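Right, one structure below, let's go through it.
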Amino acid sequence: MNPTPRRPRPVVLLAALAALSLAAGAAAQTAPATSIALSLDASQANQRILHVSSEISVAPGPLTLLYPKWIPGEHGPTGPLANFVDLHLSAGGKELSWERDPVEMYALRVTIPPGATRLSTRADFLFPGEGGNFSSGPGATDFLAVISWNTVALYPQGPAADAIRVTPTLRLPAGWSFATALVKQGEEGGAVRFAPVSLTTLIDSPVLTGANLIDLDLGEHDGARHHLSIAADRAADLAGAGSLSAPMTRLVEEALTLFGARHYSSYHWLLTLSDHVEHFGLEHHESSDDRVDEETLVREASKRSMPSLLAHEFVHSWNGKHRRPEGLLSPDYQRPMRGALLWVYEGLTEHLGLVLPARAGLWTPEYYREQVAAIAAGLDTETGRDWRPLGDTAVAAQILYGAPADGRARRRGTDFYEESIFLWLDVDTLLRERSQGRVTLDDFCRRFYGGANSGPSLVPYTREDVVKALNGLVPFDWQGVLAEHVDRVQPRLPMQGLERAGWRLIYSDQPNQAIADNESRRENHDWRFSLGFSVSKKDDVTEVLPDSPAGRAGMVAGEKVLGVGGHVYSARAVEAALAQSKGGKEPIEVVTADGDAIRVHRLDYHGGPRYPHLERIEGRPDVLAEILRARGK
Ligand SMILES: [Zn+2]
């Protein structure tokens with residue numbers, strides 16, 4: 001069948017969320033519309049301090065103020081409450097005392113005196129110098145800052161964030177410029193005034209600011225402008241940024257072709273190049289906060305890896321922002337999120353985040369395959385696969401994001417990202433097989449995420465909606481296919497989709513380019529697929545696969561490697577030991593320090609260097625090549 005795209009079912013989300021929120025707080029039924037004038041003074045961002053003040057419309061009587069707890073895209077209660085300090089509340093020029101809810105730390109209680117209609121707040125946010133995940137981690141240096149509005153927002157309990165109107169102003173360090181999806185309306189005493197937005201839109205619209213900031217205008221596509229804005233600690237790290245314009249424009253076109261429509265008024269990648277901020281990507285509806293190594297644009301191995309991050313966050317504008325699992329809605333940033341469908345929200349995004357760079361020519365098909373081989377090998381060697389189904393990594397996301405690297409193979413990580421590549425390859429190849437090639441995953445993307453061009457809009461979905469959409473394309477036991485991948489324990493990585501696409505995972509003595517790029521970026525060494533361990537640039541063992549020569553010899557993560565094969569530890573010493581032991585009988589001796597103890601491990605391994613790759617399955621058509629083929633505009 002060849003279904004015509006249809007518009008997503010209309011949902012009056014604002015009303016639905018307001019109803020939810022009203023159910024939670026009866027007091028809101030009589031409350032007038034809430035407005036907040038929020039003034040952010042970031043002129044000391046280079047000292048890692050933001051000063052915030054606000055005027056909130058209120059009514060006399062008891063009021064609960066909230067600080068955002070559950071941060072969209074972070075899938076956990078990650079609001080950086082500990083660094084929100086020096087809070088003062090006042091009304092009519094008089095300081096008001098407040099108290100914290102004894103159970104819900106993110107809620108503060110205050111009584112608004114008779115006659116007062118405005119509550120004044122002032123506080124500081126301290127950017128952490130270290131620690132913290134995602135937007136709670138380091139976000140400011142001497143030369144740049146990423147301002148996440150959730151770190152400075154206080155708002156009354158009751159109305160949904162969609163119903164709270166905020167007028168933001170922002171003062172920046174002298175000489176710094178900025179980029180954001182917010183619309184600048186003017187200037188006020190040296191501060192930028194943005195057009196009023198809902199609290200939802202404000203928190204969804206970070207600002208990238210810095211002394212060295214450039215903007216690449218990627219042009220208008222489907223009636224919306226696209227920008228890649230880049231800030232760097234050092235201007236020299238921006239060299240060569242211009243060469244991104246053409247391939248990034250192709251990425252925009254490939255994504256628009258895939259989905260058939262966009263749901264943003266304009267789109268802004270906010271790319272930070274710094275070794276002194278947290279590294280991650282965080283999606284927003286009309287922008288993304290993308291933070292990478294400072295040398296990313298001037299170092300080949302880093303530049304090669306970056307496109308998947310930018311593609312991943314862009315795909316989230318459709319998959320995660322326009323359409324979001326019902327469980328991941330948190331209309332007031334307090335309702336706990338439920339991550340059960342993260343294998344769609346993050347998993348399909350991860351899959352498309354690898355496919356689109358190949359379609360856009362940012363990656364060769366060979367490089368895509370090296371990435372997928374490295375991912376497959378990593379997942380297939382996790383011993384935790386025999387107790388934890390993929391679906392539980394999604395449900396437990398809020399625990400697993402912050403889990404230590406140590407023990408990952410037994411625990412499993414946030415595998416709903418990478419393992420879902422194989423789930424969605426299975427779905428894609430099944431759609432193709434059962435429709436004689438007429439229907440593909442692209443059709444699902446158009447049907448589920450497309451429709452008509454629009455500004456930001458949100459249509460929630462359930463697992464049943466996903467199954468229904470697939471059945472609308474090709475009737476099949478999709479419930480069964482998904483259950484097999486998501487709900488059942490799978491001791492080995494299910495790779496039938498990859499194999500149906502004409503490729504299988506193999507190992508050879510040739511280095512894997514994706515692993516080599518990763519080693520070059522992080523200055524670490526990855527011998528997981530031969531000896532069974534990896535080592536950080538400080539010579540610490542970061543991971544030991546339990547079912548591997550190192551695991552069986554008793555090595556554990558955290559040990560420091562001192563020597564290998566009778567030589568002082570170095571990558572060359574390991575390579576020499578691997579070559580020498582190949583086909584022989586003598587174990588490879590690894591000497592480590594573990595706390596106060598010296599340990600000698602004998603690794604019974606004779607296979608030489610071993611790295612994962614994909615290999616064509618003879619006699620099967622190369623469906624993967626078709627999946628990666630440029631669609632063009
Ligand atoms: Zn993501």
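Side notes on the structure shown:
- Sulfur and carbon atoms: percent of accessible area, the chain [1.4 Å]: 51 percent
- Cα centroid separation, the stretch 194-222 to the stretch 286-315: 17 Å.
- Shape call, the stretch 460-603: gyration tensor on alpha carbons, a/c limit 1.5: prolate
- The largest-to-smallest principal axis extents of the Cα set in the stretch 32-84 are 38, 30, 18 Å.
- Multiplying the residue separation of Asp596 and Ala236 by 0.36 nm and subtracting their alpha-carbon distance yields 125.2 nm.
- Nearest-ten-degree value, helix 13-24 long axis tilted from longest Cα axis of the chain: 80 degrees
- Dipole of the chain [Lys/Arg +1, Asp/Glu -1 at C-beta], most positive-end residue of Thr257, Asn46, His316: Thr257
- Under 11 Å from a label point set 7 Å out along the Cα-to-Cβ vector of Ala579, no amide N atom of the stretch 515-553 is found.
- Using only alpha carbons, the stretch 196-241 has a radius of gyration to Kirkwood radius ratio (Rg to Rh) of 1.08.
- Degrees between helix 420-434 axis and first principal axis of the chain (Cα, 0 to 90, nearest 10): 80 degrees
- Under the Debye formula (equal points on every Cα, no solvent term), log10 I(q)/I(0) of the stretch 420-488 at q = 0.12, 0.17, 0.20 Å⁻¹: -0.33, -0.65, -0.86
- The alpha carbon centroids of the stretch 428-458 and the stretch 140-182 are separated by 35 Å.
- Share antiparallel - DSSP beta bridges, the chain, percent rounded to 5: 75 percent
- In the chain, the calculated helix contribution to ellipticity at 222 nm averages -7500 deg cm²/dmol per residue, counting -39,500 (n - 2.57) for every DSSP H run with n ≥ 4.
- Cα gyration tensor shape of the stretch 402-454, rounded if a/c is under 1.5, else prolate or oblate by comparing a/b with b/c: oblate
- Rg ratio (alpha-carbon, reference 2.2 N^0.38 Å) - the stretch 153-211: 1.21
- Ranked from largest, the principal axis spans of the Cα set of the stretch 271-352 equal 41, 25, 21 Å.
- Once the C-beta distance of Asn471 and Ala625 is scaled by a Förster radius of 35 Å, the resulting FRET efficiency is 0.80 to the nearest 0.05.
- Label-point gap, in nm, between Lys184 and Ser435 - each point 7 angstrom along Cα→Cβ: 4.5 nm
- Accessible surface computed residue by residue for the stretch 216-258, with neighbouring protein chains in place and a 1.4 Å probe, gives 32 Å² per residue.
- Where a label projected 7 Å from the Cα of Lys537 along Cα→Cβ would reach, residues of the stretch 272-305 with amide N under 17 Å: 273-280, 292-305
- Only Lys, Arg (+1) and Asp, Glu (-1) charged, at Cβ; the stretch 239-344 dipole about Cα centre in debye: 420 debye
- For q = 0.16, 0.21, 0.26, 0.31 Å⁻¹, Debye-computed log10 I/I(0) when each Cα of the stretch 110-156 counts as one equal scatterer: -0.59, -0.79, -1.04, -1.28
- Sorted largest first by accessible area at a 1.4 angstrom probe radius, with every protein chain in place, the residues Lys633, Lys560, Lys585 fall in the order Lys585, Lys633, Lys560.
- Overall form of the stretch 170-311 per C-alpha gyration tensor (a/c, 1.5; a/b vs b/c): oblate
- Qualifying trypsin sites (Lys or Arg not before Pro) in the stretch 381-445, DSSP loop, other Cβ atoms within 10 Å at most 15: Arg438
- Cα pair distances in the chain, grouped into 20 Å bins until the bin that holds the longest one, percent each: 18, 50, 28, 4, 0
- Shape descriptor for the stretch 402-517: Rg over Rh equals 1.03 (Cα atoms; Rh from the Kirkwood inverse mean 1/r).
- Partners of Lys538 within straight-line reach, counting lysines whose Cα lies under 17 Å from its Cα and excluding those fewer than 8 residues away in the same chain: Lys560.
- With all protein chains modelled, accessible area of Glu295 [1.4 Å, Å²]: 70 Å²
- Å² of accessible area per residue within the stretch 413-497, as computed with a 1.4 Å probe and no ligands counted: 34 Å²
- Pairwise Cα separations in the stretch 47-135 fall into 10 Å bins from 0 onward with the following percentages, short to long: 15, 43, 31, 10, 0.
- Centroid-to-centroid, using Cα positions, the stretch 584-600 and the stretch 365-385 are 28 Å apart.
The values are calculated or read from the model by the stated rules, or taken from the named source; none is laboratory data. Given the structure is predicted, the values throughout are model-derived calculations rather than measurements. Because the Cβ atoms are built from the backbone with ideal geometry, glycine has one as well, and the counts that use them run over all protein chains shown. Areas reflect the complete protein model, heavy atoms only, side chains present, ligands, DNA and RNA absent. Shrake-Rupley method; radii C 1.70, N 1.55, O 1.52, S 1.80 Å.
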